[in-house]
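Everything on this sheet refers to the single structure shown next.
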Amino acid sequence: MQSPGPLRDADDNWDINSTTSEDIGYYGGKKPLDMKRMPIKGRGGMNVGKRSRASNIIPELAEDSMYGYVLSGRAALQVVVDEWIDEYKKDREKAVVDLIQFFVQCCGCKGKLSQIMFANQDKVKSIRKLTESFDEESGEYPLIQGGPLFKKFKSNLLEFIERLIRGCKHNIIYDEYMMDNVISWLLALSDSQVRAFRHTCTLIGMTLVTSLIDIAKMVQMDLENTERQLETELKKGQAKRAFAKVERLQSKQKELRSHLDGFLTDFMSQIFSGLFVHRYRDCRAEIRSICIQELGHWMKHLPSHFLKDQYLKYVGWTLHDRHAEVRLKSVLALQGLYMIEDFAQQLELFTARFKNRIVEMVHDKEENVAVQAVKLISFMLNSFDVLENADCEVVYQLVFANNRNISHAAGEFLHKKLLTEDLEEVLKEHRAARHTRKIREPHIILKELLRFFLENEVSEHGAYMVDSLWETVEVLRDWKSMTELLLSDELGELALNDEEEGALIEIMTCAIKRAAGEDPPPGRGKPRQRELNTKERRQLEADRNSLTKHFIAELPELLSKFSTDEQKIVSLVEIPQYFHLEVYVEHRLNKFLELLLKYMHDIVGKHSDADVLRNCAFTYRYFINNELSIQTTAAVAFRQLIDELVSSFHSLITDGLESENEQGEFKLLVAMKRLYAFYQAHDITDLADIEKDVSAIITKANQQQINDDITATAVMLMQVILSWALYRTNPSEPSKSELKKLRKSVVQLIQQCDELIQFGVAGVQKEAFITVCDMLIIFAPQLKQNQNYSSLIVVPDKSVQIRLRDYVMTTVFAEEEPAQFQDDEDEEAKTEVLIEKRRVLASFGKLIAFNIIEMRLAAPIFAQYVKSYQDYGDIVKQMMSKARELNRTKCMRTQLLSLEQLFEELRDQNEGRIDRSSEEWTKIKDLAHRFALMAGVDNYKSRQAVVTFHREGIIYCLLRNGPPDGSPPSNIVFFDILAETTFKLMDIDKKGPKGLLAFLEEQLMKEGEIPEDEIEWGPLRTYRTALVGSMSEPYMYYGTGKRKMMGSPMRVMEVKRPREDYVIDNWQASGSGNYVQ
């Protein structure tokens, strides 16, 4: 438990480890971040004081003090620094005391540092006295305090320290008084058990070193200039040499070297050994973060001193830190080093030791850490030839990750490594070979991109790769190069094989969608919700115009070449849906439109695949639903196509329904699939009068055996026909005859599908079931919102509802035979089966969500929640959630019924007995516990439902078939299940005059005298104890200064916090760094 207060974080040993860095060998032995020696929590518990106002943590001070100026920012900080320097020159002891007092006030301490305390050699005793001045009720200090007053406190404090050191750079910091006292007090304060002291003084100390580094760089520059001038003078002859100048330069050289190698280096070493090596492993993540962040800054800006293995090891160790904030600072610190090529030699040993850990961090569970880790590896790629192919492959795979930021960072790495560096030699050879004019550089890059795409075996995830590479890989917008690769026969060794052609078409289609402004693929962020600004709209318009102008001319040729290839054509026929149709009109390109429509007409006539036909149908709709002149051309071609499809359907009905004519059946099935695909995108009722014929096919299927695929397609086709019929009606004044005819057709279809569910084969049953569910939702009681549609409402009778439920149970939750899926090759088929089962379950769930069928019928499905959690848990949970929204009480009654059914099933399997130690019984209890959790966090809203659940459960437990005979009821064991849900009951509902305890006693009076020691009545005693014993449950802290009893919002006790609240975060970080998703 974490203490929010500034008081002590632990007892005397509050560091993560008691071992110092001097006791540890470099890259060997025990690491400081091996947290096995963590001290246990102190005796204080947590800080239960209420959150104080800002005024409670502002020390009482004069408004013109340094702290007041820094906090408020009312005056220029340089003026404050100048005044302190003037005071130091007058009385340096008083000035240093004021400065230390300023540090103490910045920690939120109201204590006063007297000159006696300052002069006292025992600083620990002085700091302990200052600690007593902290606000006992406050959990905050200025550095972490929120609000406008403290908004700029940290930046003002850091600026003050920097200006102070800069103002003292000439004389004061070298006088062996000011810096010695400041450093000694900072080390003592940072070693305190008080978090406010440690946090604030660590920040000040780290910033102090950073400022000293700036001074050291200036001194180094002055030293180099002095040495250069001295060397010039010494090269002169004796006659021309100015001896006075030489002596002055030698004196200055000695002084500067003394400042650099003596004072400044000594100051930095003192702070590093006395502060950093202890605080980088502090129990507070924010303190460790400060240390690592500043160390990275030191190594980057003063590499001659800090860029050494003895300092680098600390950054490497904190790559394993448990807290993401610290790991992030470590990665960012390394980024600043690896982006500088001159540091390669100094980082060689570090890279060899920690490269594997850095590669692991691309899978870090925190997004920011993973993104920055990928960027770090990109920097390592620039100047450090240390990455192996296996390391790169780890990053490459992230191109297909769901997280948008991680995938984009991985995309940049892939572009830099695979598509640039690895191809550099190939591109050089290509530039030198003049005879390959037909081959251009984009062709080579695309070929390599296809190789990567196919080797990763994620051919169905082209949209993810395109989204990752869109901002960096320019060839994804090079439509000309893509079509040349697909159409040209003069590319020699770059010619594509069949698999590569399919991959390129998929990537090209995804890139077209991206250029046209389509939303990112699932998991890569929410769809665009804001309107585009002017610049974005212009860019989108330009991209759409560019792809339209190119593919208007090229797409017909692509369709012609791949017209018979189902896998390729399915993407190609979708491309016109992203055209800017005005281009046809503006550039008078009707001949290309006519050619495109001709090829699409041929494609519809050649294919029966549902996806190909659906894409063709929606492409036709895109060309028809506009007000441009091309609409007429597209509409004429569309009508001609539909007329041919309808004519073909009518001519094939007779031959296709004969069971012995397989060729006729196939042709009829294809004709129906084509009509169904176009019915999904268009209302073609006026062009295709096929309702009676389709209905006749379904009727015949119920009377005699016909092709199963034809029956299933007819059911789907009839559903979409009736849906369009409802859409065509006039909502304000619908025709009564049309409504009557429509309702008759709907009822007839539901009855026909009901018969197919009972007697059809598996494929037909599934489509019939989904059709019934969809029709019941479309023509549900919600149509009453328009009184004119009241006559269309269809309510299924109880028998239909039961058959729908039973179909779900037998189809979705039936036990599969072990031999059904054995080989790995059947994994894809198994996935397809699971998808279809989820589709069936989701269709039934909609009936529950819309309150179309009785909720109690879903009890057997609710009972499968735990057993089938992996495959269907999300759907069942959503089903129960929607049921709870409809009626909480009914939902919990249904859940109770599901538990009763499981209980009776288990009892019947064990011949009337229940093994209370069995795994099956434990699963039922776990299900009951989960049901209770689903009631919601607000016990008041679910109060009535939970009480009803228990009352009816008690009645069920004590249910008998005859009069009491002294033996326990057969359902007595069910009390164990009820006991799992008592934590959702409020105390008043347990023990009140009308509470469950009184209700239980009332029911037990019918049983007569109950033995107290018989084992058979044990579940009853367990349940009664759960009701009676709730007030003796252990206390829980709520972090509000009071503590409440679990489950009891009524009784509250005040708790007095101990004087010293010793609390430490109970965390560990292992050297394995196993913090990945």
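Solvent exposure of the chain amounts to 49 Å² per residue of accessible area, where only protein heavy atoms count and the probe is 1.4 Å. Note on THR265 and ASN356: with the Förster distance fixed at 41 Å, the Cβ-Cβ geometry gives a FRET efficiency of about 0.75.
Hey, any idea what Rg/Rh is for the stretch 85-172, computing Rh the Kirkwood way over Cα pairs?
Working: Rg = 14.9 Å, Rh = 14.8 Å.
With Rg and the Kirkwood Rh in hand, the quotient comes to 1.01.
If you fit an axis through the alpha-carbon atoms of helix 590-606 and take the longest principal axis of the Cα set of the chain, what angle between them do you get, 0 to 90°, nearest 10? Tilt of helix 590-606: around 60 degrees. Once both labels are positioned 7 Å from their Cα atoms along Cα-to-Cβ, the gap between ASP489 and LEU427 label points is 3.2 nm. Each Lys or Arg adds one and each Asp or Glu subtracts one; over the other residues with Cβ under 11 Å from the Cβ of PHE384, this totals -2.
For the stretch 76-90, list residues with backbone N below 16 Å from a point placed 7 Å from the Cα of GLN115 toward its Cβ? From the stretch 76-90, the list is 87-90.
Solvent-accessible surface of protein heavy atoms, probed at 1.4 angstrom with all chains present, puts LYS90, LYS744, LYS480 in the order LYS90, LYS744, LYS480, largest first. When every Cα-Cα distance of the stretch 932-1005 is counted in 5 angstrom steps from zero, the calculated P(r) takes the values 3, 15, 26, 24, 16, 10, 5, 2, 0 percent.
How would the stretch 719-760 be classified by its alpha-carbon gyration tensor: rounded, prolate or oblate, with rounded meaning a/c under 1.5 and the a/b versus b/c comparison settling the rest? Here the stretch 719-760 falls in the prolate category.
Distance between the pseudo-spin-label points of GLU1016 and ASN961 (7 Å out from Cα toward the beta carbon): 1.5 nm. Computing Rg and the Kirkwood Rh from the Cα coordinates of the stretch 62-219 gives a ratio, Rg/Rh, of 0.94.
Computed from the C-beta positions of GLN758 and ALA814, the FRET efficiency with R₀ = 22 Å rounds to 0.85. For the stretch 626-737, the normalised intensity computed at q = 0.16 Å⁻¹ comes to -0.77 (log10 of I(q)/I(0), Debye sum over alpha carbons, equal scatterers, no solvent).
Taking TYR620, TYR464 and ordering them by how much accessible surface each has at a 1.4 Å probe, largest first, produces TYR464, TYR620. Cross-link check: pairs LYS125/LYS169; LYS308/LYS365; LYS700/LYS766 evaluated at a Cα-Cα cut-off of 25 Å; pairs beyond the cut-off: LYS125/LYS169; LYS308/LYS365. Distance distribution P(r), the stretch 448-590, all Cα-Cα pairs, bin width 5 angstrom from 0: 2, 9, 18, 22, 21, 15, 9, 4, 1, 0 percent. Specify the angular offset, from 0 to 90 degrees and rounded to the nearest 10, of the alpha carbon long axis of helix 77-90 from the longest principal axis of the alpha carbons in the chain. It works out to around 20 degrees. Could you tell me how far the Cα centroid of the stretch 704-768 sits from the Cα centroid of the stretch 292-314, in Å? Cα centres, the stretch 292-314 to the stretch 704-768: 75 Å. Charge tally for LEU476 (other residues, Cβ to Cβ under 12 Å; Lys, Arg +1; Asp, Glu -1): -2. From the square roots a ≥ b ≥ c of the eigenvalues of the alpha-carbon gyration tensor of the stretch 577-683, which class results: rounded (a/c under 1.5), prolate (a/b over b/c), or oblate? Cα axes put the stretch 577-683 in the prolate bin.
Working from label points 7 Å from Cα in the Cα-to-Cβ sense, the GLN640 to ASP926 distance is 6.5 nm. Relative to the longest principal axis of the Cα atoms of the chain, helix 943-957 runs at roughly 60 degrees.
As a fraction of the 1.4 Å probe accessible area of the chain, surface on carbon and sulfur atoms comes out at 48 percent.
By definition, a body whose alpha carbon gyration tensor gives a ≥ b ≥ c is oblate when a/c is 1.5 or more and a/b is not larger than b/c, and the chain fits this oblate description. Once the chain from GLU93 to TYR940 is taken as fully extended at 0.36 nm per residue, the excess over their C-alpha distance is 298.4 nm.
Legend: P(r) of the stretch 699-816 from all alpha carbon pair distances, 10 Å bins from 0, whole percents, reading 13, 42, 31, 12, 2, 0. Let me know the whole percent of all Cα-Cα pairs from the stretch 957-997 that are separated by more than 16 Å. The proportion of pairs with Cα distances above 16 Å equals 51 percent.
The values are calculated or read from the model by the stated rules, or taken from the named source; none is laboratory data. Please read all numbers here as calculations on a predicted model, not as lab measurements. For neighbour counting, all protein chains shown are included, and Cβ atoms are generated from backbone atoms with ideal geometry for every residue, glycine included. Calculation scope for accessible area: heavy atoms of the full protein, side chains included, ligands and nucleic acids excluded. Shrake-Rupley method; radii C 1.70, N 1.55, O 1.52, S 1.80 Å.
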